[in-house]
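The values are calculated or read from the model by the stated rules, or taken from the named source; none is laboratory data. A quick note: this is a predicted structure, and the numbers were derived from the prediction, not measured. Counting neighbours? That spans all protein chains shown, and the Cβs are built from the backbone with ideal geometry, glycine included. Side chains included, ligands, DNA and RNA excluded: accessible areas come from the protein's heavy atoms. Shrake-Rupley method; radii C 1.70, N 1.55, O 1.52, S 1.80 Å.
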Amino acid sequence: MEFIGNNHVNSKLHVHLQKDYEKFLSSFERPAQIYRVLRERFLEQPIFLNRNLSYMRRQNDNPRTIPSRSKFNLGEILEYCRDETEIIEHDRHSDSCLKINFNNFSITNQTDSEWTEDTIWEATLALKRPDNSPAKFENINLGTFSFLPKDSENTIPLTIPFKSLKTHSVPILQQTSLIFSIKRLPQTAISSHSTQEYDTEIITQNEIDLTPVKSVKQSNGEVIPNKSYSKVKSEHNNSDERQSNSKKRKEIETNSYQKPTKRTKLVRSKNRSRSTPQKSQNTINISKQKSSQCPNPKAIESISKQKTDILLDKIRNLYPKSSNNIVELKLFNNKSENCLLKKGKYEVYFSVPESETSTDQDSPKLIRCSLSFALSWTNDPPTTRDLTDISTPLTRAIQKRNNIANNNTETPHNKQAKLTDQLTNTPTIYNFIYESNTYQQTQQNSRFECPLCSLVCTHDYSLLQHLNSTHPRLDFRYIPSDNLTVVDVRVNSEYDGSFFGDPKELGRQGIALWRFGPIRRRPYTSIIHYSARGRIREENITEFIRSFDDDCQQFLGMDRVFFHSRTCHPILPSEINSDSEDDNNEWLLSQTKKLINDFTDVNRDEKEIMKLWNIYMIQKKVVGDCHIAVICSEFAKKHREIIREQSLTNNFLAHLIQLSDQGLITIDHIHESLSIINDSNI
Amino acid sequence: MDSLPTSSASDFELEDVTSSSFALPKFKYTKYIKEDHKKPIYCVQFNNHFGKDNQKILASVGSNRASIYDCTEVGSITPIQVYVDPNSDENFYSCVWTYTSEYESLLAIAGAKACIHILNVTNGKPYRSLLGHGDSINDLKFHTSKPEILFSASKDHSIRIWNIATVVCVAILAGMDGHRDEVLGVDINHDGSLLLSCGMDHAVKIWDLEEETLSEAIHARSYSHSPIDKVKSFNTLNVYSAKFSTRDIHTNYVDCVRWIGELVLSKSCENVIVCWKPDIFKKGSIITEQKALILYTYTVPNSTIWYIRFSMDMDFNILVAGNQIGNVFLYSLRVAKKPRAERLSHPACNSAVRQVCLSPDAKVLIVACDDSTIWRWDKL
């Protein structure tokens, strides 16, 4: 919240601004308070309005097209809820991809100075899946990632197509799991590599490792019962020190298998996967963090609890004791076809012996480190780039280490990562405007959440439509912006909170306004608008773009139709300023001519001069005797030609003499008028 | 579409009446129907744009409905279409046929609610609505050579000229020398130059449509006005004075007038139809006195209520008129001396006959009565 203006303004201006700001506050005070009360009430007693909320859904998921709606049975709800706990998103789509995005790698107990932050760690991800027979497994190396400790930058996500999770020969997905292994990269190995060399090596590694390799492991799946799980959990709670940022952390004691800890080169050897793992006790900590897109935090919490419980059951404990830098995460089990891993953030915990060279098995000094990653399902097909880009984490890590030294932190990859992060997690900015000045800017971090009633809308259009329709005391306008959703907020000056009747009676006089205090608005639901399928209004956010200045003042009666008085036809908007009421004395002129023609006691020339004179008098609207003198000379000027041609001069002279006899004009005026007629020069 | 029939009347002269002889046809009652609205049927009209030998399509208006009948078969009145106005207070007084440029039949109906509805009978849809009259509309007539030009006579003392193609009111014939009371009837002469009108002010007036600005407005300006272009409304002409006006013929409401060549047939509620000649056809001289020369009178007994209309066949041979006790009288317009009347009556037909109508070939006579019955008489 800040004032518009300079700090160095004089005190007068400052007082003025202060007053303006108070006005701003008072204008927004009432709507804000009202909507706050309504929000509290809604949280306590939700009201479900039976109004059209079609803007809340996307265009294509029409409820009528959902087949389950038609054959819905109330008894199926329980079953549905049960299924819901099992179903993991995007399970059945063969086109979908499992996307793993490594976020963070951190060492929790860093005791020795030998482990500097420059040390690069390497995580290898492999896919274990049954091969042809349920007893045999094959390992597919998916890629290697390198991290610096405390490295919280986003890496390029790894995309695994769903198809590759399946084995062709075994139709039912079972026993497939992801295997994480972690390793410290020797300093010497890194420093000797240039990035280009490394890339080529990785490519060859992919070529090697993507061919399935027969695994010698046996699977004898055993499930830890829930009771034992809870016991284990309590033990670990006592003895664990961990990062506190994960709220709903579950600790899972699970299986891991031994891998050779000494690998001097990059993971490219077939022998690695063939090597027999030693049994060891290991700890995997999977912490599931709250997803920002979940509408109800409480619900998500409970669901995630159940999920993790189930997950615990599925993970087998094969290798009770030994080295601990390998973690296996089960993707599928025998029971269902659905993937066990739900979308969200996970954290995997490792314990690595501090010294690789140490062969002393009795007192291993363990380094506890954690690798956090985000797992999601996407529909985007994996590009070939994904495979080749697997190399980039290490490159980036090396680059970053070099860049730290060079004080140059920005890399193209960083930029790209930031951009994608912005698009998914952009905040919405509300500008509170009073008299065309923005006095306050509020940022709502969850993008599609209504700031007034905490309703989560699914997209921008829904949010704007919801804001405008359910909070009519304020006026919301959408401001197009590149990355952000910017909304201008004003107090709706046209809102009439005192109206108490049907909305359709707003225009009626007398009952529309109630002057004795606020009255509850009568619900009006009898008209349900139906629009045929072909005529559904296209939802477009541009309808909220119009600026405040475009509003024209509208008042009652703007649509009233007025009529021309003679033709009784409606007055068109273009004619609203022309007057059709003015006296039309056209008939009077023709009537005058006609009546003069009917005279029988005057000759033709006299009739002509009478017609000219009378019509001229009608048109000039002469009302007083004093006008006559001026009118005589003007008449002479105007009708000079006719009088000359028809030789009416004598008749005109007789008429003028008649006027002078009446005392209206003098001899001078007669002379002047005649001279005008007789002047041949003019 | 055949050429319009009134062209044969242009050379109708008084001498022709004496020279030719025409025998009145005999008619025989064949059928009657009763519409169920229990209100008078004020107007029946045959669509004579089909020609003499084709279909005989009849339109009748009464209450808030307009009915279309097929009378082609001998002794049949078969309903084809009925249009009902949504307003139950509407009462149609008049109907008239015309056609579009695509030769679709149009029926214009108007009545108490001052709105002229034009229905497209061919495709059964409303075509246009003309609003603007200040009170109920008593009579409608289309121009003889321009099927788009419509004349309407209204209770608001005015006659309006409309162009239904562009939906404009071309002119308003009312004012100082116009009617001083309800206008009850209009008729246009064979070449569309003179408009005849009569009203409750006992006057019969003749309006000159050949006057320069009015003629230009009717024939040129009204057609060039685009109905879609709503930017500027049509500059409606005002005609304040009629070319000829007389109150000498009748001493009561004049409720029906017809041109017959240069002669005028007019009827009041005085038991007579008067044939007279307006003194407006002297060329080259200024008319100082407006005189009407009465030529014949056709006696219609028991005809003292107003708004009963007579009619003629297409060849101007037969004049038919009804009276208030259900009788129909036929007069031969071709007989010189003493006009002979023939009376048609039916024992069940005893309410006032609002209008009698002859089919284009003069073989079918339709009688519309106050008790919402329609009677059909066929030529023997």
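Brief remarks follow.
- Here residue A:585 passes the criteria (1) modelled with pLDDT under 85; (2) open to solvent by less than 50 Å² (accessible area, probe 1.4 Å); (3) touching a helix residue (DSSP H, G or I) at 6+ places or on another chain (Cβ under 8 Å); (4) not basic (Lys, Arg) except the one numbered (2).
- Elements of type strands (runs of 3 or more DSSP E) contained in segment B:99-216, each with 1 or more residues being under 27 Å from residue B:276 (Cα atoms) and touching a residue at least 40 places away in the same chain (Cβ under 8 Å): B:137-142, B:149-154, B:159-163, B:168-177, B:183-188, B:194-199, B:204-208
- Taking the conditions (1) under 27 Å from the mean Cα position of the chain (by Cα); (2) in a loop (DSSP other than H, G, I, E, B); (3) at pLDDT below 70 in turn, residue A:534 satisfies each one other than (2).
- Selection within segment B:190-210 - surrounded by fewer than 24 Cβ atoms within 10 Å (Cβ to Cβ) and touching a helix residue (DSSP H, G or I) at 6+ places or on another chain (Cβ under 8 Å): B:190, B:208
- Within segment B:332-344, one or more residues are open to solvent by 30 Å² or more (accessible area, probe 1.4 Å), of a type outside the set (Asp, Glu) and not in a loop (DSSP other than H, G, I, E, B).
- Options B:329, B:316: the member that is open to solvent by 10 Å² or more (accessible area, probe 1.4 Å) and either touching an Asp or Glu at 6+ places or on another chain (Cβ under 6 Å) or not in a loop (DSSP other than H, G, I, E, B) (or both): B:329
- Qualifying residue in segment B:43-60 (condition: modelled with pLDDT under 75, in a loop (DSSP other than H, G, I, E, B), open to solvent by 20 Å² or more (accessible area, probe 1.4 Å) and not charged (D, E, K, R)): no
- Filter pass, residue B:246 being within 12 Å of chain A (Cβ to nearest Cβ) and surrounded by 19 or more Cβ atoms within 10 Å (Cβ to Cβ): no
- Members of segment A:554-571 found to be at pLDDT 75 or above and either more than 19 Å from residue B:157 (Cβ to Cβ) or within 10 Å of another protein chain (Cβ to nearest Cβ) (or both), listed by number: A:562, A:563, A:564, A:566, A:567, A:568, A:569, A:570, A:571
- If you go through segment B:154-182 and keep only what is open to solvent by less than 30 Å² (accessible area, probe 1.4 Å) and either out of contact with any Lys or Arg (no Cβ under 8 Å at 6 or more places or on another chain) or within 9 Å of another protein chain (Cβ to nearest Cβ) (or both), you end up with B:158, B:159, B:160, B:161, B:162, B:163, B:166, B:168, B:169, B:172, B:174.
- Residue identified as closer than 15 Å to residue B:26 by Cα and modelled with pLDDT under 85 among B:376, B:340: B:340
- Pairs where the first residue, in segment B:343-364, is acidic (Asp, Glu) and the second is surrounded by fewer than 18 Cβ atoms within 10 Å (Cβ to Cβ) and at pLDDT below 90, C-beta under 7 Å, 6+ apart: B:361/B:52; B:361/B:53
- Any hit, segment B:96-111, residues being within 14 Å of chain A (Cβ to nearest Cβ), more than 18 Å from the chain's Cα centre (by Cα) and open to solvent by 20 Å² or more (accessible area, probe 1.4 Å): no
- Any hit, segment A:590-602, residues being more than 30 Å from residue B:242 (Cβ to Cβ) and either open to solvent by 90 Å² or more (accessible area, probe 1.4 Å) or at pLDDT below 85 (or both): no
- Which numbered condition residue A:656 misses (of (1) more than 19 Å from residue A:592 (Cα to Cα); (2) out of contact with any His (no Cβ under 8 Å at 6 or more places or on another chain)): (2)
- Residue within segment B:116-124 that is within 14 Å of another protein chain (Cβ to nearest Cβ) and among the small types (Gly, Ala, Ser) present: no
- Filtered residues of segment B:345-380 (kept if of a type in the set (S, T, N, Q) and in a strand (DSSP E or B)): B:355, B:373
- Residues that are basic (Lys, Arg) and surrounded by 17 or more Cβ atoms within 10 Å (Cβ to Cβ), drawn from segment B:345-380: B:354, B:363, B:376
- For segment B:80-95, the set of residues classified as exposed (fewer than 13 other Cβ atoms within 10 Å of the Cβ) and at pLDDT 90 or above consists of B:82 only.
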